[in-house]
Amino acid sequence: MEIDWDKACAEALEELQRENPDAIIRKAELWELRYSGRHRKLQDYFRDGIEINGTLTLYSGIPFLHVDIPYDDIEGGDYSWLTLEAERFVLFYLFTGKGIDAPIFYLKREEVECWADKDYIYRHLRRERNREALIYTEVEDGIKVIAYYPYGSIDYGVLPHSREELDLILDNTESNPYECAIYDIEEIHSNKLPREERAILEDKFLDSVFPNGIPTNIILDKTVCGIGATHLEIEKAQRHSIIIEPNVPVIIGKERDHPQVIGVYGGKIDKEELEKMIGERIGKEFIKILTTPESFRKVIKALNSLGKPYRDTFFLLFDECDRIITDVDFREEIALPMEEFFQFTNKAMVSATPIIIDEPRFKEHNFSVIKIIPDYSYIRPVELKPTTNVRVMLKRTLEKLETETAICIFYNYVDGITKMIEFLKIPHQDVSIYCSESARKELKKEGWEKNVFGNLQYEKKKVKLTTKYNFFTSRYYSAVDIKLDCKPAVIMLSVAYKSSQEKTPFTLIEPETEAIQIAGRFRNGVSRLIHIAGINSEMEWRSKEDLKEYLEEQHLGHLKLRELE
(Lines give C-alpha, C1' and ligand atoms only; values in the text may rest on other atoms or scores of the structure.)
Protein backbone atom coordinates (compact mmCIF):
# COMPACT_ATOMS: atom_id res chain seq x y z
CA MET A 1 0.00 0.00 0.00
CA GLU A 2 1.37 3.42 -0.98
CA ILE A 3 1.91 5.66 2.06
CA ASP A 4 1.03 9.37 1.90
CA TRP A 5 4.04 10.66 3.82
CA ASP A 6 2.92 14.29 3.79
CA LYS A 7 -0.40 13.29 5.32
CA ALA A 8 1.21 10.93 7.85
CA CYS A 9 3.63 13.59 9.04
CA ALA A 10 0.95 16.26 9.19
CA GLU A 11 -1.27 13.99 11.30
CA ALA A 12 1.63 13.24 13.63
CA LEU A 13 2.38 16.93 14.10
CA GLU A 14 -1.31 17.69 14.70
CA GLU A 15 -1.47 15.03 17.39
CA LEU A 16 1.59 16.44 19.10
CA GLN A 17 0.11 19.93 18.93
CA ARG A 18 -3.06 18.68 20.67
CA GLU A 19 -1.05 16.96 23.40
CA ASN A 20 1.30 19.94 23.85
CA PRO A 21 -0.71 23.09 23.04
CA ASP A 22 2.04 25.38 24.31
CA ALA A 23 4.72 23.83 22.12
CA ILE A 24 5.87 25.51 18.96
CA ILE A 25 5.77 22.94 16.19
CA ARG A 26 8.41 23.36 13.51
CA LYS A 27 9.04 20.92 10.71
CA ALA A 28 12.70 20.62 11.61
CA GLU A 29 12.05 20.07 15.31
CA LEU A 30 12.29 16.57 16.73
CA TRP A 31 9.33 14.86 18.34
CA GLU A 32 9.20 11.99 20.74
CA LEU A 33 10.10 8.54 19.42
CA ARG A 34 7.43 6.72 21.39
CA TYR A 35 7.74 3.29 23.02
CA SER A 36 4.86 3.44 25.47
CA GLY A 37 1.10 3.92 25.50
CA ARG A 38 -0.38 3.02 22.15
CA HIS A 39 3.04 1.80 20.92
CA ARG A 40 3.60 -0.59 23.81
CA LYS A 41 3.18 -3.53 21.46
CA LEU A 42 6.02 -2.25 19.32
CA GLN A 43 8.19 -1.99 22.43
CA ASP A 44 7.51 -5.67 23.08
CA TYR A 45 8.68 -6.54 19.57
CA PHE A 46 11.88 -4.58 20.04
CA ARG A 47 12.47 -6.28 23.38
CA ASP A 48 11.85 -9.75 21.93
CA GLY A 49 14.02 -9.34 18.82
CA ILE A 50 11.19 -9.43 16.27
CA GLU A 51 12.19 -8.27 12.79
CA ILE A 52 11.10 -4.77 11.81
CA ASN A 53 10.83 -3.27 8.35
CA GLY A 54 11.14 0.46 7.89
CA THR A 55 10.88 2.90 5.00
CA LEU A 56 13.31 5.83 4.84
CA THR A 57 12.24 8.93 2.96
CA LEU A 58 12.90 12.67 3.02
CA TYR A 59 10.19 15.05 4.18
CA SER A 60 11.01 18.67 3.46
CA GLY A 61 14.64 17.67 3.43
CA ILE A 62 14.48 15.86 6.78
CA PRO A 63 15.14 12.08 7.08
CA PHE A 64 11.91 10.39 8.09
CA LEU A 65 11.65 6.72 9.09
CA HIS A 66 8.36 4.82 9.16
CA VAL A 67 8.44 1.41 10.88
CA ASP A 68 5.67 -1.08 10.12
CA ILE A 69 4.34 -3.05 13.06
CA PRO A 70 5.30 -6.57 11.99
CA TYR A 71 2.10 -8.50 12.73
CA ASP A 72 -1.37 -8.38 11.27
CA ASP A 73 -3.10 -8.10 14.65
CA ILE A 74 -2.02 -4.45 14.94
CA GLU A 75 -2.58 -1.90 12.20
CA GLY A 76 -0.31 1.04 11.47
CA GLY A 77 3.24 1.74 12.52
CA ASP A 78 5.60 4.15 14.23
CA TYR A 79 7.66 6.94 12.75
CA SER A 80 10.36 9.39 13.69
CA TRP A 81 12.83 11.89 12.33
CA LEU A 82 15.99 9.88 11.78
CA THR A 83 18.64 11.82 13.65
CA LEU A 84 22.10 10.39 14.20
CA GLU A 85 21.02 9.28 17.68
CA ALA A 86 17.90 7.56 16.34
CA GLU A 87 19.85 6.02 13.46
CA ARG A 88 22.39 4.57 15.89
CA PHE A 89 19.56 2.93 17.85
CA VAL A 90 17.80 1.57 14.75
CA LEU A 91 20.98 0.13 13.23
CA PHE A 92 22.02 -1.52 16.48
CA TYR A 93 18.59 -3.15 16.72
CA LEU A 94 18.60 -4.29 13.08
CA PHE A 95 21.99 -5.94 13.54
CA THR A 96 21.53 -7.44 17.00
CA GLY A 97 17.83 -7.63 17.80
CA LYS A 98 18.45 -5.60 20.96
CA GLY A 99 16.22 -2.59 21.59
CA ILE A 100 18.34 -0.78 24.14
CA ASP A 101 18.92 2.93 24.75
CA ALA A 102 15.92 4.03 22.68
CA PRO A 103 16.19 7.79 22.09
CA ILE A 104 13.39 9.99 23.43
CA PHE A 105 13.08 13.53 22.11
CA TYR A 106 10.75 16.14 23.53
CA LEU A 107 9.16 19.04 21.66
CA LYS A 108 10.65 21.71 23.87
CA ARG A 109 14.17 20.41 23.32
CA GLU A 110 16.41 22.68 21.30
CA GLU A 111 16.28 22.12 17.59
CA VAL A 112 18.79 19.53 16.40
CA GLU A 113 20.29 19.76 12.94
CA CYS A 114 19.08 16.77 10.93
CA TRP A 115 18.65 18.18 7.46
CA ALA A 116 19.74 15.85 4.70
CA ASP A 117 21.81 16.92 1.69
CA LYS A 118 21.36 15.57 -1.82
CA ASP A 119 23.76 12.68 -1.15
CA TYR A 120 22.10 11.51 2.08
CA ILE A 121 20.32 8.44 0.66
CA TYR A 122 23.30 7.53 -1.54
CA ARG A 123 25.69 7.54 1.43
CA HIS A 124 23.32 5.13 3.18
CA LEU A 125 23.19 2.88 0.13
CA ARG A 126 26.97 2.91 -0.36
CA ARG A 127 27.44 1.78 3.23
CA GLU A 128 25.01 -1.12 2.83
CA ARG A 129 26.36 -2.05 -0.59
CA ASN A 130 29.78 -2.49 1.02
CA ARG A 131 28.38 -5.41 3.02
CA GLU A 132 26.46 -6.75 -0.01
CA ALA A 133 23.09 -6.26 1.69
CA LEU A 134 21.20 -4.44 -1.06
CA ILE A 135 18.38 -5.96 -3.10
CA TYR A 136 17.47 -4.18 -6.35
CA THR A 137 14.10 -4.39 -8.10
CA GLU A 138 13.53 -2.67 -11.43
CA VAL A 139 10.23 -0.79 -11.62
CA GLU A 140 8.65 1.55 -14.15
CA ASP A 141 10.08 4.77 -12.68
CA GLY A 142 13.55 3.51 -11.84
CA ILE A 143 14.91 1.04 -9.32
CA LYS A 144 13.61 0.08 -5.88
CA VAL A 145 16.32 -0.60 -3.29
CA ILE A 146 16.04 -2.40 0.06
CA ALA A 147 18.81 -3.14 2.58
CA TYR A 148 18.44 -6.30 4.66
CA TYR A 149 19.70 -6.95 8.18
CA PRO A 150 19.50 -9.94 10.54
CA TYR A 151 16.45 -8.40 12.25
CA GLY A 152 14.67 -6.54 9.48
CA SER A 153 15.10 -4.20 6.54
CA ILE A 154 15.09 -0.57 5.41
CA ASP A 155 13.29 0.35 2.20
CA TYR A 156 14.88 3.33 0.43
CA GLY A 157 12.04 3.69 -2.04
CA VAL A 158 12.31 4.10 -5.81
CA LEU A 159 15.30 5.97 -7.20
CA PRO A 160 15.05 7.45 -10.71
CA HIS A 161 18.05 5.54 -12.08
CA SER A 162 18.93 2.35 -13.85
CA ARG A 163 21.04 -0.19 -11.98
CA GLU A 164 24.14 0.88 -13.91
CA GLU A 165 23.52 4.58 -13.20
CA LEU A 166 22.98 3.93 -9.49
CA ASP A 167 26.16 1.86 -9.22
CA LEU A 168 28.13 4.67 -10.86
CA ILE A 169 26.71 7.19 -8.38
CA LEU A 170 27.54 4.94 -5.43
CA ASP A 171 31.09 4.37 -6.75
CA ASN A 172 31.63 8.11 -6.40
CA THR A 173 29.90 8.56 -3.04
CA GLU A 174 31.54 8.45 0.37
CA SER A 175 30.02 5.81 2.65
CA ASN A 176 28.20 6.71 5.85
CA PRO A 177 29.93 5.18 8.89
CA TYR A 178 28.12 2.60 11.01
CA GLU A 179 27.07 4.04 14.32
CA CYS A 180 27.66 0.65 15.98
CA ALA A 181 30.87 -1.20 15.23
CA ILE A 182 30.93 -4.90 14.46
CA TYR A 183 32.58 -5.66 17.80
CA ASP A 184 29.53 -4.20 19.56
CA ILE A 185 27.30 -6.92 18.14
CA GLU A 186 26.90 -9.75 20.61
CA GLU A 187 26.55 -13.32 19.44
CA ILE A 188 22.92 -14.29 19.05
CA HIS A 189 21.61 -16.23 22.08
CA SER A 190 24.82 -15.66 24.02
CA ASN A 191 24.38 -15.35 27.75
CA LYS A 192 26.45 -13.44 30.26
CA LEU A 193 24.61 -14.05 33.52
CA PRO A 194 26.74 -14.52 36.64
CA ARG A 195 27.50 -18.20 37.28
CA GLU A 196 28.41 -20.22 40.32
CA GLU A 197 28.89 -23.93 41.02
CA ARG A 198 27.54 -26.07 43.85
CA ALA A 199 28.71 -29.63 44.53
CA ILE A 200 26.40 -32.53 45.24
CA LEU A 201 27.40 -35.89 46.71
CA GLU A 202 26.45 -39.28 45.32
CA ASP A 203 23.03 -40.56 46.41
CA LYS A 204 22.14 -37.08 47.67
CA PHE A 205 19.31 -34.85 46.49
CA LEU A 206 18.93 -31.12 45.98
CA ASP A 207 17.67 -30.58 49.53
CA SER A 208 21.26 -31.27 50.62
CA VAL A 209 22.33 -28.24 48.56
CA PHE A 210 19.29 -26.00 49.17
CA PRO A 211 17.72 -27.09 52.50
CA ASN A 212 15.21 -24.20 52.43
CA GLY A 213 14.25 -24.54 48.80
CA ILE A 214 15.53 -23.25 45.47
CA PRO A 215 16.74 -19.62 45.74
CA THR A 216 14.91 -16.88 43.88
CA ASN A 217 16.01 -15.28 40.61
CA ILE A 218 18.18 -18.16 39.46
CA ILE A 219 18.34 -20.58 36.57
CA LEU A 220 19.24 -23.89 38.16
CA ASP A 221 21.29 -26.15 35.90
CA LYS A 222 21.00 -29.38 37.87
CA THR A 223 23.22 -31.35 35.41
CA VAL A 224 21.63 -34.72 36.15
CA CYS A 225 18.00 -35.79 36.13
CA GLY A 226 16.18 -37.20 39.12
CA ILE A 227 17.86 -35.32 41.98
CA GLY A 228 14.60 -33.94 43.36
CA ALA A 229 13.98 -30.36 42.19
CA THR A 230 10.18 -30.58 42.22
CA HIS A 231 10.25 -32.87 45.27
CA LEU A 232 12.24 -30.19 47.09
CA GLU A 233 9.70 -27.50 46.21
CA ILE A 234 6.68 -29.65 47.09
CA GLU A 235 7.88 -31.31 50.28
CA LYS A 236 10.62 -29.11 51.74
CA ALA A 237 10.05 -25.48 50.75
CA GLN A 238 7.96 -23.67 53.38
CA ARG A 239 6.07 -21.41 51.00
CA HIS A 240 3.18 -21.34 48.55
CA SER A 241 4.34 -22.56 45.14
CA ILE A 242 3.21 -22.68 41.54
CA ILE A 243 5.22 -25.18 39.50
CA ILE A 244 4.89 -25.11 35.72
CA GLU A 245 5.47 -28.55 34.21
CA PRO A 246 5.90 -29.11 30.46
CA ASN A 247 3.33 -31.89 30.01
CA VAL A 248 0.32 -33.54 31.62
CA PRO A 249 1.95 -36.94 32.36
CA VAL A 250 4.44 -35.19 34.63
CA ILE A 251 1.65 -33.70 36.74
CA ILE A 252 -0.26 -36.98 36.92
CA GLY A 253 2.88 -38.71 38.21
CA LYS A 254 3.52 -35.99 40.80
CA GLU A 255 -0.09 -36.17 41.98
CA ARG A 256 0.38 -39.88 42.69
CA ASP A 257 3.59 -39.24 44.63
CA HIS A 258 2.35 -36.10 46.42
CA PRO A 259 -1.41 -36.25 47.11
CA GLN A 260 -1.43 -32.72 48.55
CA VAL A 261 -0.65 -31.02 45.23
CA ILE A 262 -3.35 -29.37 43.11
CA GLY A 263 -2.94 -30.46 39.48
CA VAL A 264 -4.29 -28.07 36.85
CA TYR A 265 -4.40 -29.20 33.25
CA GLY A 266 -6.91 -29.50 30.42
CA GLY A 267 -10.49 -29.82 31.66
CA LYS A 268 -9.58 -31.62 34.88
CA ILE A 269 -10.59 -28.70 37.08
CA ASP A 270 -12.48 -25.48 36.32
CA LYS A 271 -11.72 -22.03 37.67
CA GLU A 272 -14.50 -22.05 40.30
CA GLU A 273 -13.44 -25.41 41.73
CA LEU A 274 -9.82 -24.27 41.77
CA GLU A 275 -10.78 -21.12 43.65
CA LYS A 276 -12.61 -23.20 46.25
CA MET A 277 -9.69 -25.60 46.75
CA ILE A 278 -7.18 -22.78 47.17
CA GLY A 279 -9.50 -20.77 49.42
CA GLU A 280 -10.10 -23.71 51.77
CA ARG A 281 -6.38 -24.49 52.16
CA ILE A 282 -4.51 -21.21 51.93
CA GLY A 283 -4.77 -20.25 55.58
CA LYS A 284 -4.06 -23.77 56.84
CA GLU A 285 -1.21 -25.14 54.74
CA PHE A 286 1.26 -24.27 52.01
CA ILE A 287 -0.44 -24.46 48.61
CA LYS A 288 1.40 -26.45 45.94
CA ILE A 289 -0.08 -25.99 42.46
CA LEU A 290 1.23 -27.92 39.45
CA THR A 291 0.08 -26.64 36.07
CA THR A 292 0.87 -26.94 32.40
CA PRO A 293 1.82 -23.72 30.57
CA GLU A 294 -1.51 -23.80 28.76
CA SER A 295 -3.48 -23.94 32.05
CA PHE A 296 -1.33 -21.39 33.86
CA ARG A 297 -3.75 -18.59 32.95
CA LYS A 298 -6.55 -20.46 34.77
CA VAL A 299 -4.43 -20.51 37.94
CA ILE A 300 -3.79 -16.78 37.72
CA LYS A 301 -7.48 -16.02 37.16
CA ALA A 302 -8.42 -18.09 40.21
CA LEU A 303 -5.87 -16.31 42.41
CA ASN A 304 -7.03 -12.94 41.10
CA SER A 305 -10.65 -13.80 41.92
CA LEU A 306 -9.60 -14.66 45.48
CA GLY A 307 -7.95 -11.25 45.79
CA LYS A 308 -4.64 -12.77 46.83
CA PRO A 309 -1.36 -10.90 46.20
CA TYR A 310 -0.05 -14.03 44.51
CA ARG A 311 2.97 -12.38 42.88
CA ASP A 312 4.38 -11.66 46.32
CA THR A 313 3.18 -14.74 48.22
CA PHE A 314 3.75 -17.55 45.69
CA PHE A 315 7.08 -18.88 44.46
CA LEU A 316 6.94 -19.56 40.70
CA LEU A 317 9.11 -22.42 39.39
CA PHE A 318 9.38 -23.16 35.66
CA ASP A 319 10.46 -26.80 35.50
CA GLU A 320 12.31 -28.19 32.45
CA CYS A 321 12.67 -24.65 31.13
CA ASP A 322 14.52 -25.79 27.99
CA ARG A 323 11.16 -26.91 26.58
CA ILE A 324 10.19 -23.25 26.13
CA ILE A 325 12.79 -23.11 23.36
CA THR A 326 12.54 -26.62 21.93
CA ASP A 327 8.73 -26.82 21.78
CA VAL A 328 7.66 -23.28 20.94
CA ASP A 329 7.59 -23.86 17.15
CA PHE A 330 4.73 -26.36 17.39
CA ARG A 331 3.32 -25.37 20.78
CA GLU A 332 3.06 -21.59 20.90
CA GLU A 333 1.26 -21.43 24.25
CA ILE A 334 4.21 -22.96 26.12
CA ALA A 335 5.71 -19.47 26.37
CA LEU A 336 2.51 -17.84 27.70
CA PRO A 337 3.65 -17.74 31.36
CA MET A 338 6.82 -15.78 30.55
CA GLU A 339 5.22 -12.32 30.83
CA GLU A 340 3.77 -13.20 34.23
CA PHE A 341 6.96 -15.00 35.30
CA PHE A 342 9.04 -11.84 35.55
CA GLN A 343 6.38 -10.06 37.62
CA PHE A 344 6.70 -12.53 40.50
CA THR A 345 8.89 -11.44 43.40
CA ASN A 346 10.24 -14.98 43.90
CA LYS A 347 10.84 -17.12 40.84
CA ALA A 348 13.29 -19.58 39.29
CA MET A 349 13.83 -21.90 36.35
CA VAL A 350 15.29 -25.38 36.47
CA SER A 351 16.43 -28.09 34.08
CA ALA A 352 19.17 -30.68 33.75
CA THR A 353 19.67 -29.32 30.22
CA PRO A 354 18.76 -25.62 30.27
CA ILE A 355 18.97 -23.48 27.15
CA ILE A 356 19.79 -20.05 28.51
CA ILE A 357 18.93 -17.40 25.95
CA ASP A 358 19.92 -13.76 25.92
CA GLU A 359 16.70 -12.41 27.44
CA PRO A 360 17.27 -8.86 28.79
CA ARG A 361 14.77 -9.35 31.62
CA PHE A 362 17.08 -11.90 33.24
CA LYS A 363 19.63 -9.12 33.72
CA GLU A 364 16.95 -6.64 34.80
CA HIS A 365 15.94 -9.01 37.61
CA ASN A 366 19.53 -9.88 38.58
CA PHE A 367 19.29 -13.53 37.61
CA SER A 368 22.26 -15.83 37.97
CA VAL A 369 22.98 -19.41 36.93
CA ILE A 370 23.76 -22.07 39.54
CA LYS A 371 25.41 -25.17 38.09
CA ILE A 372 25.19 -28.38 40.12
CA ILE A 373 28.46 -30.37 39.92
CA PRO A 374 28.19 -34.04 41.01
CA ASP A 375 31.29 -35.32 42.80
CA TYR A 376 30.80 -38.70 41.09
CA SER A 377 30.74 -39.96 37.53
CA TYR A 378 27.26 -39.68 36.06
CA ILE A 379 28.20 -40.59 32.49
CA ARG A 380 26.07 -43.27 30.86
CA PRO A 381 27.37 -45.22 27.86
CA VAL A 382 25.39 -44.73 24.65
CA GLU A 383 25.52 -47.13 21.72
CA LEU A 384 25.47 -44.94 18.63
CA LYS A 385 24.28 -46.68 15.47
CA PRO A 386 24.56 -44.50 12.36
CA THR A 387 22.70 -45.90 9.37
CA THR A 388 21.25 -44.98 6.01
CA ASN A 389 18.12 -46.99 6.78
CA VAL A 390 16.63 -46.45 10.23
CA ARG A 391 13.88 -49.02 9.83
CA VAL A 392 16.27 -51.83 8.91
CA MET A 393 18.71 -50.88 11.67
CA LEU A 394 15.88 -50.85 14.22
CA LYS A 395 14.74 -54.27 13.00
CA ARG A 396 18.25 -55.72 13.38
CA THR A 397 18.65 -54.12 16.79
CA LEU A 398 15.37 -55.51 18.09
CA GLU A 399 16.34 -58.97 16.89
CA LYS A 400 19.36 -58.80 19.20
CA LEU A 401 17.20 -57.66 22.14
CA GLU A 402 14.89 -60.65 22.19
CA THR A 403 15.78 -61.50 25.79
CA GLU A 404 14.86 -58.02 27.09
CA THR A 405 11.63 -57.90 29.09
CA ALA A 406 10.85 -54.29 28.09
CA ILE A 407 11.97 -52.10 25.20
CA CYS A 408 11.18 -48.35 25.15
CA ILE A 409 11.54 -46.57 21.82
CA PHE A 410 11.48 -42.75 21.63
CA TYR A 411 10.37 -41.41 18.27
CA ASN A 412 8.57 -38.08 17.97
CA TYR A 413 6.16 -38.74 15.12
CA VAL A 414 2.92 -40.65 15.57
CA ASP A 415 2.49 -41.49 11.87
CA GLY A 416 6.11 -42.60 11.79
CA ILE A 417 5.51 -44.87 14.77
CA THR A 418 2.57 -46.65 13.13
CA LYS A 419 4.48 -47.03 9.86
CA MET A 420 7.46 -48.39 11.77
CA ILE A 421 5.27 -50.94 13.57
CA GLU A 422 3.80 -52.05 10.23
CA PHE A 423 7.28 -52.46 8.74
CA LEU A 424 8.50 -54.43 11.75
CA LYS A 425 5.35 -56.60 11.60
CA ILE A 426 4.81 -56.36 15.35
CA PRO A 427 1.26 -57.49 16.24
CA HIS A 428 -0.81 -54.65 17.71
CA GLN A 429 -1.34 -56.56 20.93
CA ASP A 430 2.44 -56.66 21.50
CA VAL A 431 3.12 -52.95 21.22
CA SER A 432 1.99 -49.82 23.11
CA ILE A 433 2.04 -46.21 21.95
CA TYR A 434 2.29 -43.35 24.45
CA CYS A 435 1.34 -40.04 22.87
CA SER A 436 -0.92 -37.04 23.44
CA GLU A 437 -4.61 -37.50 24.16
CA SER A 438 -5.56 -35.92 20.83
CA ALA A 439 -3.22 -38.27 18.95
CA ARG A 440 -4.69 -41.22 20.86
CA LYS A 441 -8.17 -40.31 19.64
CA GLU A 442 -6.94 -40.03 16.05
CA LEU A 443 -5.26 -43.44 16.25
CA LYS A 444 -8.46 -44.94 17.59
CA LYS A 445 -10.25 -43.73 14.45
CA GLU A 446 -7.59 -45.52 12.40
CA GLY A 447 -8.26 -48.84 14.12
CA TRP A 448 -5.81 -48.77 17.04
CA GLU A 449 -8.32 -49.81 19.66
CA LYS A 450 -5.94 -51.06 22.35
CA ASN A 451 -2.59 -50.16 23.89
CA VAL A 452 -2.65 -46.51 22.85
CA PHE A 453 -2.37 -44.22 25.88
CA GLY A 454 -2.53 -40.50 26.49
CA ASN A 455 -0.79 -40.95 29.84
CA LEU A 456 1.38 -43.50 31.63
CA GLN A 457 -0.36 -46.44 33.24
CA TYR A 458 0.28 -47.04 36.96
CA GLU A 459 0.09 -49.96 39.33
CA LYS A 460 0.37 -48.53 42.82
CA LYS A 461 3.23 -46.00 42.46
CA LYS A 462 5.09 -47.82 39.69
CA VAL A 463 4.57 -47.38 35.95
CA LYS A 464 3.09 -50.48 34.37
CA LEU A 465 4.19 -51.39 30.85
CA THR A 466 1.58 -53.74 29.42
CA THR A 467 3.63 -54.84 26.39
CA LYS A 468 7.24 -55.60 25.54
CA TYR A 469 7.54 -52.90 22.85
CA ASN A 470 6.67 -49.34 23.88
CA PHE A 471 6.86 -46.22 21.70
CA PHE A 472 6.99 -42.73 23.27
CA THR A 473 6.58 -39.31 21.63
CA SER A 474 8.25 -36.10 22.90
CA ARG A 475 5.46 -35.70 25.46
CA TYR A 476 7.53 -38.14 27.57
CA TYR A 477 11.04 -36.87 26.80
CA SER A 478 11.47 -34.78 29.96
CA ALA A 479 10.30 -34.27 33.56
CA VAL A 480 8.08 -37.38 33.83
CA ASP A 481 9.28 -40.12 36.22
CA ILE A 482 9.11 -43.61 34.72
CA LYS A 483 9.57 -45.91 37.72
CA LEU A 484 9.69 -49.55 36.64
CA ASP A 485 10.43 -52.85 38.33
CA CYS A 486 12.89 -53.61 35.55
CA LYS A 487 15.65 -51.88 33.61
CA PRO A 488 14.43 -51.52 30.03
CA ALA A 489 16.45 -51.24 26.86
CA VAL A 490 15.98 -47.69 25.58
CA ILE A 491 16.23 -46.81 21.89
CA MET A 492 16.17 -43.27 20.49
CA LEU A 493 15.43 -42.71 16.81
CA SER A 494 16.72 -39.77 14.75
CA VAL A 495 15.98 -39.59 11.05
CA ALA A 496 18.16 -36.92 9.44
CA TYR A 497 18.54 -38.93 6.23
CA LYS A 498 16.38 -41.56 4.61
CA SER A 499 16.89 -43.73 1.57
CA SER A 500 14.46 -43.31 -1.30
CA GLN A 501 12.35 -46.33 -0.38
CA GLU A 502 11.83 -45.31 3.24
CA LYS A 503 8.50 -43.83 4.24
CA THR A 504 9.45 -42.69 7.74
CA PRO A 505 9.37 -38.90 8.26
CA PHE A 506 12.28 -36.76 9.39
CA THR A 507 12.68 -36.28 13.14
CA LEU A 508 15.69 -35.59 15.38
CA ILE A 509 16.59 -36.15 19.01
CA GLU A 510 18.96 -33.41 20.14
CA PRO A 511 21.97 -35.05 21.86
CA GLU A 512 22.74 -32.27 24.35
CA THR A 513 19.20 -31.89 25.68
CA GLU A 514 16.61 -34.48 24.63
CA ALA A 515 18.91 -37.52 24.71
CA ILE A 516 20.04 -36.63 28.24
CA GLN A 517 16.47 -36.09 29.36
CA ILE A 518 15.28 -39.40 27.87
CA ALA A 519 18.00 -41.32 29.66
CA GLY A 520 17.01 -39.61 32.90
CA ARG A 521 13.36 -40.67 32.75
CA PHE A 522 14.05 -44.17 34.04
CA ARG A 523 14.60 -43.87 37.79
CA ASN A 524 15.61 -47.50 38.16
CA GLY A 525 18.19 -47.24 35.36
CA VAL A 526 18.36 -48.85 31.91
CA SER A 527 19.98 -52.01 30.61
CA ARG A 528 21.14 -50.40 27.36
CA LEU A 529 20.89 -46.94 25.83
CA ILE A 530 20.94 -46.93 22.03
CA HIS A 531 20.70 -44.04 19.57
CA ILE A 532 19.91 -45.03 15.98
CA ALA A 533 20.71 -42.08 13.75
CA GLY A 534 19.74 -41.98 10.09
CA ILE A 535 22.67 -40.26 8.39
CA ASN A 536 24.81 -40.66 5.29
CA SER A 537 28.61 -40.40 5.11
CA GLU A 538 28.23 -38.12 2.09
CA MET A 539 26.01 -35.66 3.95
CA GLU A 540 27.50 -32.19 4.22
CA TRP A 541 28.18 -30.84 7.68
CA ARG A 542 28.76 -27.25 8.73
CA SER A 543 31.01 -25.60 11.24
CA LYS A 544 29.47 -23.20 13.71
CA GLU A 545 30.62 -20.26 11.58
CA ASP A 546 29.25 -21.79 8.38
CA LEU A 547 25.97 -22.63 10.07
CA LYS A 548 25.57 -19.09 11.32
CA GLU A 549 26.20 -17.77 7.81
CA TYR A 550 23.73 -20.29 6.37
CA LEU A 551 21.01 -19.29 8.83
CA GLU A 552 21.54 -15.61 8.08
CA GLU A 553 21.21 -16.35 4.37
CA GLN A 554 18.02 -18.29 4.98
CA HIS A 555 16.70 -15.38 7.02
CA LEU A 556 17.44 -12.97 4.18
CA GLY A 557 15.74 -15.33 1.76
CA HIS A 558 12.70 -15.37 4.01
CA LEU A 559 12.60 -11.58 4.01
CA LYS A 560 12.89 -11.49 0.21
CA LEU A 561 9.95 -13.88 -0.15
CA ARG A 562 7.90 -11.67 2.14
CA GLU A 563 8.66 -8.72 -0.11
CA LEU A 564 7.16 -10.63 -3.03
CA GLU A 565 3.84 -11.21 -1.27
For this session: Could you check how many residues of segment 311-340 are free of Cβ contacts under 8 Å to residues at least 40 places away in the same chain and either in contact with a Leu (Cβ under 6 Å, 6 or more places away or on another chain) or closer than 24 Å to VAL224 by Cβ (or both)?
Result: 2
Exercise. Which members of segment 418-434 meet the condition of being crowded, with 22+ Cβ neighbours inside 10 Å and part of a helix (DSSP H, G or I)?
Worked result: MET420
Seminar exercise, completed: The condition of being out of contact with any strand residue (DSSP E or B) (no Cβ under 9 Å at 6 or more places or on another chain), closer than 23 Å to PRO246 by Cα, in the same structural domain as PRO249 (by TED's automatic domain parsing) and of a type outside the set (Gly, Ala, Ser) holds, among GLU294, GLU280, only for GLU294
For this session: Specify the residue that is surrounded by the most Cβ atoms within 10 Å (Cβ to Cβ); the eligible residues are those in segment 399-409 that are out of contact with any Leu (no Cβ under 7 Å at 6 or more places or on another chain) and not polar (S, T, N, Q).
Result: CYS408
For this session: Would you point out the residue of segment 289-322, among those that are touching a Ser or Thr at 6+ places or on another chain (Cβ under 7 Å) and assigned to a helix (DSSP H, G or I), that is surrounded by the most Cβ atoms within 10 Å (Cβ to Cβ)?
Result: VAL299
Exercise. Any residue in segment 439-462 that is in a loop (DSSP other than H, G, I, E, B) and among the β-branched types (Val, Ile, Thr)?
Worked result: no
Exercise. If you scan segment 373-395, which residues turn out to be exposed (fewer than 13 other Cβ atoms within 10 Å of the Cβ) and without any contact (Cβ under 8 Å) to a residue 60 or more places away in the chain?
Worked result: SER377, ILE379
For this session: Look at segment 491-531 and say how many of its residues are in contact with a Pro (Cβ under 8 Å, 6 or more places away or on another chain), modelled with pLDDT of 90 or more and not in a loop (DSSP other than H, G, I, E, B).
Result: 3
Seminar exercise, completed: Over segment 144-158, the set of residues without any contact (Cβ under 8 Å) to a residue 60 or more places away in the chain and surrounded by fewer than 19 Cβ atoms within 10 Å (Cβ to Cβ) is LYS144, VAL158
Problem set entry | Flag if ARG475 is farther than 29 Å from LYS222 by Cα and not in a loop (DSSP other than H, G, I, E, B) | no
Seminar exercise, completed: Taking segment 258-288 and keeping residues closer than 26 Å to LYS461 by Cα, part of a helix (DSSP H, G or I) and among the acidic types (Asp, Glu) leaves none
For this session: Would you list the strands (runs of 3 or more DSSP E) that sit entirely within segment 354-417 and hold 2 or more residues that are within 24 Å of ALA199 (Cβ to Cβ)?
Result: 368-374
Seminar exercise, completed: Selection over segment 463-472 where residues are part of a loop (DSSP other than H, G, I, E, B) and among the hydrophobic types (A, V, I, L, M, F, W, C) yields a count of 1
Problem set entry | Within segment 362-372, tally of residues that are exposed (fewer than 13 other Cβ atoms within 10 Å of the Cβ) and on the phi < 0 side of the Ramachandran plot | 1
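The values are calculated or read from the model by the stated rules, or taken from the named source; none is laboratory data. Just so you know, these numbers come straight off a predicted model, no measurement behind them. As a convention, Cβ positions derive from the backbone with ideal geometry for all residues, glycine included, and neighbour counts pool all protein chains shown.
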